[in-house]
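In what follows, a structure is listed as structure tokens, so that the remarks can point back to it.
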Amino acid sequence: MSDAPHEHKPHWTGELLRSASFARAYTFAAFGTVFASFAIEWLAGDVVYGTIITGLCLFGIGMLVARRHEISLLRLVPTSLIGFLVWAGASILWSTDPSQTAGGWVATVSIAFIAIVIAHVRDTLQTVRALADVMRWLLSISLALEIVVGILLRSPIDLLGIEGNIAQFGPVQGIFGTRNLLGLVAVLALIAFVVEWRTNSVRVGLSVYSVAVGGLMAALSDSPTVFVLAAAMGVVTGVLVLVRHAGPHNRRRLQWALGGIMATIILVTYILRHQIVIWLGASSDFSIRARLWEVLTYYVQAHPVQGFGWFGPWVDGVPPFSGVNYALDDHYTSSLNAFFDVLLQLGWVGLILFGTVAGIAVVRSWLVASERRSVVYAWTPLTLVALLVDSLFESFTLFGLGWLMLVICAVRAGQSRSWRERIDTLGAVPEDTGQLPPTPDT
């Protein structure tokens, strides 16, 4: 027998959970599940979708534990995000339906946790590539199903709520349930496709196909918000390019000047909002939203500080949602505005916390993107701007895929330009640039 001491070998489960291949598979599964949530629930039900999310959370816990020596606990979650989630959880105490609020809070925390895991086990480029791959499949499947239901089948069938309007050039919904959600997904996909193309991550032919499918589905969605998002993306991209090409000594003054210009544009846009809505041909959509928001203001005044409790998507038969739908003789599932929804459910405290999460993430990611030369750093601020602009017209950013992307971007932005970075530096912890060490699948 050998007298050499027995060497401790890491268990194979730990090696698996730490591996780059498992992190890649996890990211694909998470994006695929959350972005295809409507299709999963339509085909298999809420229980199946909830089970998949639970499994992703359990695997996420295992991955973070296995990588505990690689991850700084101080940078795990932005403080502002913790504050928002704590306030949402505390709203169980004054909710109009505590059990439904508890369920909504668990769903919100679950998606946020999955996003936190992705942000820590994949770097920015790996995240963009995974998102782009999933979006190629989901948008292609959506286009194929629209063609089958709307063109190839003589008798329309009830499949995923697809109305089969592609022969009339829209509106189409794909596997996402509504045209507005399809429009947001297509814009987020286009941002990922362009970044993927500019970083030479895929073949040119695949990039051309991806952008073509994304652009086609965005156009066929016939969603008024797509035009607003496209205009916002064009302006923000142009400004970011201008800032990135400015010299370091002129960049700060240019940032302030552009900030003033953007504030002026926002003010003018708000003043001329009715004319803009008419020009976009979305007057009916805006009138619906204006009527809904007018009714919501009365309910907000009843609980202005703490709100009615966090639910996420509206719950049938629960105040104040039942009262709003009764007053409007309709069946709304959200406020059609993320900020209004937060104000209704969590009051002004919740709105300030939510605005802090989004605002700090935008500022941090913008500063990083303006200083670092790689195009991949532009993905985070562009995605955040798209989510926040869409939040003016829909509440998708508060749950599901929108919430997943918001938390990923917030965590990614918090990994640099943070007080945590200075503390880690003083503690002799290696600087975290938001990029993981290169892996074979990068």
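Taking only the stretch 165-188 into account, find how many residues are small (Gly, Ala, Ser) and more than 21 Å from GLU41 (Cβ to Cβ).
So the count comes out to 2.
Could you tell me which of the residues LEU85, LEU160 is at pLDDT below 90 and not β-branched (Val, Ile, Thr)?
Exactly one of LEU85, LEU160 is at pLDDT below 90 and not β-branched (Val, Ile, Thr), namely LEU160.
Suppose we keep only residues that are assigned to a helix (DSSP H, G or I) and charged (D, E, K, R) within the stretch 344-375. Which one would you say is nearest to the chain's Cα centre (by Cα)?
Within the stretch 344-375, the match that is nearest to the chain's Cα centre (by Cα) is ARG364.
Which of the helices (runs of 4 or more DSSP H) contained wholly in the stretch 184-297 include at least 3 residues that are at pLDDT 85 or above?
Counting at least 3 such residues, we get 204-220, 224-244.
When residues of the stretch 189-213 are filtered for being within 16 Å of TRP137 (Cα to Cα), of a type in the set (Val, Ile, Thr) and free of Cβ contacts under 8 Å to residues at least 40 places away in the same chain, how many remain?
So the answer is 2.
Residues being in contact with a Pro (Cβ under 8 Å, 6 or more places away or on another chain) and either aliphatic (A, V, I, L, M) or at pLDDT below 90 (or both): count how many of those fall in the stretch 303-333.
Selection size over the stretch 303-333: 1.
Within the stretch 164-179, take every residue that is in contact (Cβ under 8 Å) with a residue 40 or more places away in the chain and more than 19 Å from the chain's Cα centre (by Cα) and give me the one that is nearest to ILE151 (Cα to Cα).
ILE166
Here is a check on your reading of the model: is LEU64 buried (at least 16 other Cβ atoms within 10 Å of the Cβ), out of contact with any Phe, Trp or Tyr (no Cβ under 8 Å at 6 or more places or on another chain), farther than 30 Å from LEU182 by Cα and modelled with pLDDT under 90?
For LEU64, the condition - buried (at least 16 other Cβ atoms within 10 Å of the Cβ), out of contact with any Phe, Trp or Tyr (no Cβ under 8 Å at 6 or more places or on another chain), farther than 30 Å from LEU182 by Cα and modelled with pLDDT under 90 - is not met.
Being in contact with a helix residue (DSSP H, G or I) (Cβ under 6 Å, 6 or more places away or on another chain), within 30 Å of ALA23 (Cα to Cα) and part of a helix (DSSP H, G or I) narrows it down to one of ALA144, ALA132, so name that one.
When all the criteria are applied, what remains is ALA132.
Which condition number does VAL77 fail, the rest of (1) in a helix (DSSP H, G or I); (2) under 22 Å from the mean Cα position of the chain (by Cα) being met?
So VAL77 meets the others, but not (1).
Going by what's in this entry, would SER80 be described as touching a residue at least 40 places away in the same chain (Cβ under 8 Å) and more than 30 Å from TRP197 (Cβ to Cβ)?
Answer is yes for this residue.
Can you list residue pairs whose Cβ atoms sit under 6 Å apart, with the first residue in the stretch 367-393 being over 18 Å from GLY234 (Cα atoms) and the second being outside any helix (DSSP H, G or I)? Count only pairs 6 or more apart in sequence or on different chains.
LEU367/ARG417; VAL368/SER416
Those residues that are over 20 Å from the mean Cα position of the chain (by Cα) and outside any helix (DSSP H, G or I), I need them from the stretch 25-65; list them, please.
GLY45
Suppose we keep only residues that are polar (S, T, N, Q) and out of contact with any helix residue (DSSP H, G or I) (no Cβ under 6 Å at 6 or more places or on another chain) within the stretch 344-380. Which one would you say is surrounded by the fewest Cβ atoms within 10 Å (Cβ to Cβ)?
The selected residue is SER374.
Could you give every pair whose Cβ atoms fall below 6 Å, whose first residue belongs to the stretch 32-57 and is closer than 23 Å to GLY174 by Cβ, and whose second residue is charged (D, E, K, R) and surrounded by fewer than 20 Cβ atoms within 10 Å (Cβ to Cβ), counting only separations of at least 6 or pairs across chains?
TYR49/GLU41
Which of the numbered conditions does GLY45 fail, given that it passes all the others? Conditions: (1) closer than 24 Å to ALA186 by Cα; (2) surrounded by fewer than 21 Cβ atoms within 10 Å (Cβ to Cβ).
Single failed check for GLY45: (1).
I'm checking my understanding of the structure. Among residues of the stretch 298-336 that are in a helix (DSSP H, G or I) and free of Cβ contacts under 8 Å to residues at least 24 places away in the same chain, which one is surrounded by the most Cβ atoms within 10 Å (Cβ to Cβ)?
If we take residues in the stretch 298-336 being in a helix (DSSP H, G or I) and free of Cβ contacts under 8 Å to residues at least 24 places away in the same chain, then PHE321 is surrounded by the most Cβ atoms within 10 Å (Cβ to Cβ).
For the stretch 44-90, which positions are among the β-branched types (Val, Ile, Thr) and more than 23 Å from SER416 (Cα to Cα)?
VAL47, VAL48, THR51, ILE52, ILE53, THR54, ILE61, VAL86, listed by residue number.
In the stretch 339-381, which residues are under 13 Å from TRP310 (Cβ atoms) and not polar (S, T, N, Q)?
Within the stretch 339-381, ASP341, VAL342, LEU343, LEU344, LEU346, GLY347, VAL349, GLY350, LEU351, LEU353, PHE354 qualify.
The values are calculated or read from the model by the stated rules, or taken from the named source; none is laboratory data. No experiment lies behind these values; they were computed from the predicted model shown. Methodologically, a virtual Cβ is constructed for each residue, glycine included, from the backbone with ideal geometry; neighbour enumeration extends over all protein chains shown.
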